[in-house]
Structures are given as C-alpha cells and as structure tokens.
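The values are calculated or read from the model by the stated rules, or taken from the named source; none is laboratory data. In this text the structure is predicted, and so the values were computed from the model without any measurement. Methodologically, a virtual Cβ is constructed for each residue, glycine included, from the backbone with ideal geometry; neighbour enumeration extends over all protein chains shown. In case anyone asks, the SASA skips ligands and DNA or RNA and just uses the protein heavy atoms, side chains included. Shrake-Rupley method; radii C 1.70, N 1.55, O 1.52, S 1.80 Å.
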Amino acid sequence: MKRLLWFMVAGGSGFLIDAGVTLALIAWTPAGPYIARAIAIFVAMGFTWFLNRSYTFGRSSHSLAIEGIRYWAVGITAALVNYVVYSALLYRAPVLQPLVAIVFASLAGMAYSFFGYSRFVFRR
C-alpha cells in the first residue's frame, strides 16, 4: 500500500509540474504549446523518476542510464495506452463524456505504468 501511495504522490506531482511548466513556458517564452509541452513532459518525468526511485520502488540493480531508458520506455508507452483507451472509449461509445473517458484511460495508464515500473524498471 505504501508503494501505491507514493506512486500516486509522484504522479500527482508530475501532473502539477507538467501543467505548470507548460503554462509558464507558453506565457513567458516564445515556445508554442507543443514545444512547451514536450519540455514540460521531460521535466515532469525526470521529477517522477526521482520520486519513484527514492521513495516508491527504490533503486534498481541496473545502471543509472539503463534505469532511465527503461523508465522513459514505460512512461511513453503508458501515455500511449492512456491515449488508445481514451480514443477507443470515445469511438465505441460516442455518447460517453470525454471526462469519463479520461478517468478510465488514466486508470489504465496508471495501472500499466505501476506494473512496468515495478517489474521492468526498478526490479532488483
């Protein structure tokens, strides 16, 4: 249960960093929303990696570089899972509210990333 709580803290913090950095870059730099979001995702994933490594799962037995590559691989595929579930729900049930699809898609992405991080990235 402790792992899941820390995982949710890391994910919530990552979301706040992602949103904050994206909006700040859009407001204060010439970066458009797409470049701003790419930078923000990088910053947020770096922070969530630190929290997950330090508090949620602990360090893996792999080198820092391998652990980082694995973390990004799981993170990117979790985002794809999230998007595919969201798109599939809206396609199959057009009357479904997008917010409902976001909730289910986020839960699917969270489950995928928790499993991936615990079994693939931070495995000892």
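For the chain, the dipole from Cβ point charges (+1 on Lys and Arg, -1 on Asp and Glu) about the Cα centre works out to 480 debye, to the nearest 20.
Can you tell which of Leu80, Leu96, Leu25 shows the greatest fluctuation in a Gaussian network model of the chain with Cα springs below 10 Å? Residue with maximal mean-square fluctuation among Leu80, Leu96, Leu25: Leu96. Extension gain for the segment Phe50 to Leu96, taken as residue separation times 0.36 nm less the Cα-Cα distance, is 12.9 nm to one decimal.
Consider a paramagnetic label point 7 Å from the Cα of Thr29 along Cα→Cβ; state which residues of the stretch 1-15 have an amide N under 16 Å from it. None, by backbone N distance to the label point. Between Ala88, Ala111, Ala78, the Gaussian network model of the chain with springs among Cα atoms under 10 angstrom shows the greatest mean-square fluctuation at Ala88. Say we join alpha carbon atoms closer than 10 Å with springs in a Gaussian network model of the chain; which of Tyr91, Tyr55, Tyr71 then has the biggest fluctuation? Among Tyr91, Tyr55, Tyr71, the largest GNM mean-square fluctuation belongs to Tyr91. Computed from the coordinates I sent, Cα Rg over 2.2 N^0.38 Å equals one of [x] 1.39; [y] 1.13; [z] 1.00. Tell me the label. Derived directly from the coordinates: [y]. For Ala10, the shell of other residues with beta-carbons less than 11 Å away shows a net charge of +2, using +1 for Lys and Arg and -1 for Asp and Glu. All other residues whose Cβ lies under 14 angstrom from that of Ser54 are scored, Lys and Arg at +1 and Asp and Glu at -1, for a net of +3.
Share of carbon and sulfur in the accessible area of the chain stands at 75%, probe radius 1.4 Å.
In a fully extended conformation the segment linking Ile39 and Tyr83 would gain 13.9 nm over its present Cα-Cα distance, using 0.36 nm per residue. When the Cα atoms of the stretch 1-72 are aligned to their principal axes, the ranges along those axes come out at 41, 26, 13 Å in descending order.
Over the stretch 1-123, accessible surface divided per residue gives 64 Å², non-protein components excluded, 1.4 Å probe.
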